[in-house]
1. Identify all residues within region 247-287 that are more than 23 Å from Tyr336 (Cβ to Cβ) and among the polar types (S, T, N, Q); write none if there are none.
2. Just checking, which of Asp141, Asp151 is outside any loop (DSSP other than H, G, I, E, B) and either touching a residue at least 40 places away in the same chain (Cβ under 8 Å) or farther than 25 Å from Leu254 by Cα (or both)?
3. Please work out if Phe17 is open to solvent by less than 40 Å² (accessible area, probe 1.4 Å) and modelled with pLDDT of 90 or more.
4. If we keep just the residues of region 109-128 that are assigned to a loop (DSSP other than H, G, I, E, B) and at pLDDT 80 or above, which is farthest from Ser86 (Cα to Cα)?
5. Could you look through region 23-49, keep only residues that are in contact (Cβ under 8 Å) with a residue 24 or more places away in the chain, more than 17 Å from Leu222 (Cα to Cα) and in contact with a helix residue (DSSP H, G or I) (Cβ under 6 Å, 6 or more places away or on another chain), and pick out the one that is most open to solvent (accessible area, probe 1.4 Å)?
6. I'd like the full set of residues that are touching an Asp or Glu at 6+ places or on another chain (Cβ under 6 Å) and either modelled with pLDDT of 85 or more or open to solvent by 40 Å² or more (accessible area, probe 1.4 Å) (or both), limited to region 66-83.
7. Mind checking whether some residue in region 135-147 is at pLDDT 85 or above and closer than 30 Å to Gly265 by Cα?
8. Can you name every residue in region 129-138 that is under 12 Å from Ser107 (Cα atoms) and in a helix (DSSP H, G or I)?
Amino acid sequence: MRLYKIELYKLCRKKLFSAGLVCIIAFILLVFLQHLNSAVSTVNGTKYRGYEAVMADRQITEEFKGTLTDKKLQLIVDKYGFPQISEQSGEITNENFLNRFVMNYASDGYLHERNDYQAATKVLPLADSHLSEVHDFTGEDIYLACFTGWDSYREWYYMCLLLVSILILYSVATVFSAEEQIGTKPLLFTTQEGPAKDMAAKFAAAYTLSIGLWAVITLSGLLLYGMVYGWDSFSCLSTLVSGWGEPLIPFGTLLVQTYALSLLGILELCALTLCMSACFHSAFHSVSAAGACWGLPLLVLPLLHGIYRVLLASSLEAPALTIWGRILFPVHILVYASPFFMINHNTISELDALTSGQTGRMIWITAVSAAIVTVLCAVTAYYKYRKVRIK
């Protein structure tokens, strides 16, 4: 325990770590407040902005919360009308969460932006609206609740994890390499505790730091959004909350999958960084190598997409294309199983598109692949560091 506390203190006492943590917190709060202040809602002729707009949307939605029906859709429009674009100012008027939802999903019009707008004239029955496809696919009734604000959560969370990943790269990359660089490794290995306890303390400190940062960002972000935007959206379909590209599962289930993959991605990043730290004898080289390995999938994925396009444009027959697909598929999975894409908020939707809706199966395959890489990197770091000592 004494060695563990010492190693954890060595990781956290760096000035750049403290400064980086403060900058991350300031940045994520700034982005959150910027998104909150952009909220606008008009209820019965009164226009609200920021936090008041969110509260107004949540309040008017309580009356209609629950299973969505044709009667509810018509009542919403009868009470609040459709959003309009002012011909004089070009501003959106009479818009709130409810009538915007009906206009986009159950009317003959739509409102995405000021320049992407078609006036609505009537409410469509659920059977004739875009929502009918969702109902037919899931076989369940559509649940309506106020999910305003949560549409930006997963992108915001991804930005937070990117910053946390950079901080982990910088902090953990020096765990082993710093000892080599300053020449204290032989002294540490000749202490009473011995090399095994010293390495165990370093591993434990590195993983504590990584998991701790992930937990702080995840829990604080979830509480922040939940206290402001409410928790009702967890029962809504993710396609309604985050967009049509998401799998047809409850938003709460999508968040659980996102958290699980992101945690595994952080653990994988920690193991990868420890491996690079054990392979190099200077902090600069270990940080550079870990950063290069972390960002490498960004170059590999466009290359894979390019190969797919070339194959599809070629005159190859279907059996040949199938063979090529089976060859490239494992590479594709390894790319998505990398630390960078495990924290990416688009990974789940891309896996869903890649396998035509078999999201659960693909998440398991990707998670197992990432876990194997994590174990291999950790084992390599352990034996590489000990091997150098023997020499």
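1. Those that are more than 23 Å from Tyr336 (Cβ to Cβ) and among the polar types (S, T, N, Q): Ser277, Ser282, Ser286.
2. One residue alone meets the criteria, Asp151.
3. no
4. Pro125
5. Here the residue is Val40.
6. Thr67 - this is the single residue of region 66-83 that is touching an Asp or Glu at 6+ places or on another chain (Cβ under 6 Å) and either modelled with pLDDT of 85 or more or open to solvent by 40 Å² or more (accessible area, probe 1.4 Å) (or both).
7. So far as region 135-147 goes, yes, one or more of its residues are at pLDDT 85 or above and closer than 30 Å to Gly265 by Cα.
8. The answer is Leu131, and nothing else.
The values are calculated or read from the model by the stated rules, or taken from the named source; none is laboratory data. Please read these numbers as outputs of a predicted model, since none were measured by experiment. Positions of Cβ are backbone-derived with ideal geometry, glycine not excepted, and every protein chain shown enters the neighbour counts. The protein model used for the area step is the full one, side chains on, heavy atoms only, and it has no ligands, DNA or RNA in it. Shrake-Rupley method; radii C 1.70, N 1.55, O 1.52, S 1.80 Å.
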